[in-house]
Amino acid sequence: MARDKSSFRTTTQTGRLLRLTGMTTSIASRVASHSVKRLFQSEEARDRDREKLLRHIGKEVASTLGEMKGAVMKVGQIASQMQDLLPPEIADALSVLQKASAPMPFSVIRRQVRRELGDEPDVLFAHFEEKPFAAASIGQVHRATTLEGQDVVVKVQYPAVKESIDSDMRHLRRILRLGGLLKVEEATLDAIFREIRTQLEEELDYRQEAEHLRQFRAFHADDPWLVIPDVIDTLSSDKVLTLTYEPGDDLNAVRDNPIYDQPLRNRLGERLFDALARQIFMLRTVHCDPHPGNFAYRPDGTIVMYDFGAIKRIPEEDLDALRRLTRAAYEEDYRALEQVLRDLGIRKASGPEVSEDFYVGWADLLLPPFNHEPFDFAASRLHLKLARKTRETSWKHLESFQPSARTLLVDRVLGGHYWTLVNLGVVASFRPHLEAIMARSEQ
């Protein structure tokens with residue numbers, strides 16, 4: 001079988017190093033040229049050229065990472081959802097990384113299965129489909145049937161992903177630091193990258209993911225409307241994970257199928273919200289990869305939840321801060337709200353003062369989806385309003401706020417599932433659900 005040379009170049013450590021180094025050099029050269037040019041420009045021309053520069057950098061980073069597997073692509077996916085960390089031009093460009101990844105050649109997958117499970121796929125399984133069921137940044141999934149006749153999916157990690165983590169993250173961090181692209185202090189950036197690295201290490205340990213699956217299955221044992229796959233231990237290892245096949249409709253199928261009428265869509269949205277809120281406030285551990293491919297739906301109102309590699313354990317002090325933040329927002333107590341933001345490290349201790357009107361403006365945007373009145377996600381323009389608000393205020397308040405590693409992954413859950421609710425076309429009022437769950441979590 002012919003070797004896929006492009007896959008080889010971007011998955012071997014030498015190939016990755018050359019690709020990332022080339023991208024870094026190209027961006028550094030462009031940033032340097034921009035810095036010289038701006039010395040002779042008016043303020044308006046400088047702003048216009050900076051926006052153009054950021055768009056170009058975003059496209060170049062997205063294009064390069066989109067050709068690669070492993071940690072660097074995964075970090076790029078996470079970065080695309082960090083609107084308060086990156087300039088919008090770069091975050092928007094990186095959003096293409098959320099789409100399905102190109103699969104690896106089956107020869108690579110066959111070798112990985114043999115290395116991990118001790119034999120060829122066609123010996124270990126009665127049937128093993130060569131064409132992947134799904135492909136992502138650090139692995140891909142194949143449909144199969146066990147020797148006992150059970151339908152399963154087999155998740156196979158790409159080779160050398162673990163070995164490339166440090167190099168990948170070093171290069172991506174350097175790229176994002178070029179030209180002052182990141183709007184955070186060095187200590188905060190250190191904490192954010194530590195958080196991402198911790199998540200990546202867990203996500204690359206498939207035995208750890210198996211434990212996550214068992215934990216979440218036990219927590220949701222009394223929720224017949226939430227299905228989580230079971231682990232086939234005898235066909236699993238550190239880098240291969242075999243799970244029961246749990247079918248369901250993806251978001252596109254839900255949108256196009258009249259069986260999913262408005263009451264059913266609303267019920268699915270409410271159940272998804274309740275599951276995630278209970279995970280956050282009661283289990284203190286939440287499924288934190290909101291990619292739409294990790295969820296499926298059934299006409300009986302069932303939700304199927306896949307991929308428990310990315311989870312976030314929430315310390316009690318952070319959980320208490322989330323409760324206080326929510327209640328301060330509901331009660332319009334902006335002094336208390338600012339104090340929570342200071343406790344979380346979002347409001348910089350040394351930053352300039354911020355008026356109450358600033359908080360009122362953001363609360364008016366962010367609270368409606370979580371209030372008593374039903375919110376129509378299908379008609380929502382919240383994302384457009386937030387983007388406009390961010391552009392209007394980001395530079396003005398640059399010295400007052402920054403992202404926090406403590407809320408990074410919870411923010412990812414909320415931002416990602418906003419789009420799930422939009423695509424489901426949910427109309428619901430979530431405040432009663434949220435207040436009831438928070439109250440139960442304190443009992």
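The values are calculated or read from the model by the stated rules, or taken from the named source; none is laboratory data. What you see is a predicted model, and the numbers here were worked out from it, not measured in a lab. Neighbour counts run over all protein chains shown; Cβ positions are idealised from the backbone, glycine included. Side chains are part of the model used for accessible areas, which takes the heavy atoms of the whole protein and leaves out ligands, DNA and RNA. Shrake-Rupley method; radii C 1.70, N 1.55, O 1.52, S 1.80 Å.
Structure values in brief
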{"quantity": "Isotropically averaged projected area of segment 296-443, using the convex hull of Cα atoms (one quarter of hull area), nm²", "calculated": "10.3"}
{"quantity": "Surface accessible to a 1.4 Å probe, Val410 within the full protein complex, Å²", "calculated": "10"}
{"quantity": "Derived scalar couplings ³J(HN,Hα) [segment 54-64; Karplus, 6.51 cos²θ - 1.76 cosθ + 1.60; whole Hz; x for Gly, Pro]", "calculated": "5, 4, 5, 4, x, 5, 5, 5, 4, 5, 5"}
{"quantity": "Interchain or long-range residues, amide H under 5 Å from Ile232's placed H", "calculated": "Thr242, Leu243, Thr244"}
{"quantity": "Karplus-derived HN-Hα couplings along segment 343-356 (A = 6.51, B = -1.76, C = 1.60, θ = phi - 60°), whole Hz, x at Gly and Pro", "calculated": "4, 7, x, 7, 8, 4, 4, 9, x, x, 4, 10, 6, 4"}
{"quantity": "Whole-angstrom gap from segment 275-348 to segment 239-272, using each part's C-alpha centre", "calculated": "21"}
{"quantity": "Dipole moment magnitude, nearest 20 debye, segment 131-241 about Cα centre, only Lys, Arg, Asp, Glu C-beta charged", "calculated": "560"}
{"quantity": "Counted charge near Glu442, where neighbours are those whose Cβ lies closer than 10 Å (Asp, Glu -1; Lys, Arg +1)", "calculated": "+1"}
{"quantity": "Among the listed pairs Lys239/Lys312; Lys59/Lys385; Lys162/Lys312; Lys348/Lys385; Lys52/Lys131; Lys155/Lys385, those beyond 30 Å (Cα-Cα)", "calculated": "Lys52/Lys131; Lys155/Lys385"}
{"quantity": "Label-point gap, in nm, between Glu130 and Asp376 - each point 7 angstrom along Cα→Cβ", "calculated": "5.1"}
{"quantity": "Solvent-accessible surface ranking, highest first, for Glu338, Glu209 at 1.4 angstrom", "calculated": "Glu338, Glu209"}
{"quantity": "Accessible heavy-atom area order of Asp261, Asp300, highest first, probe of 1.4 Å", "calculated": "Asp300, Asp261"}
{"quantity": "Amide proton proximity set for Ile346, modelled H, under 5 Å, gap of 5+", "calculated": "none"}
{"quantity": "Added length on full extension, which subtracts the Cα-Cα distance from 0.36 nm per residue, Gln215 to Ser33", "calculated": "60.2 nm"}
{"quantity": "Residue-level accessible surface for Trp362, protein heavy atoms, 1.4 Å, Å²", "calculated": "50"}
{"quantity": "Charge-dipole axis of segment 270-384 as Lys and Arg at +1 and Asp and Glu at -1 on Cβ define it, positive-most pick from Val304, Thr326, Ser380", "calculated": "Val304"}
{"quantity": "Which of Leu264, Gln157, Thr188, positive extreme of dipole for segment 155-284 (C-beta unit charges)", "calculated": "Thr188"}
{"quantity": "Amide proton proximity set for Ala134, modelled H, under 5 Å, gap of 5+", "calculated": "Val141"}
{"quantity": "Under Karplus coefficients 6.51, -1.76 and 1.60, residue-wise ³J(HN,Hα) of segment 142-159 in Hz, glycine/proline x", "calculated": "10, 6, 7, 10, 6, 5, 8, x, 8, 6, 9, 10, 10, 9, 10, 7, 5, x"}
{"quantity": "Hydrodynamic radius (Kirkwood) for segment 232-325, which is based on Cα pairs only, to one decimal in Å", "calculated": "15.3"}
{"quantity": "Area accessible to solvent at Glu353, 1.4 Å probe radius, in Å²", "calculated": "150"}
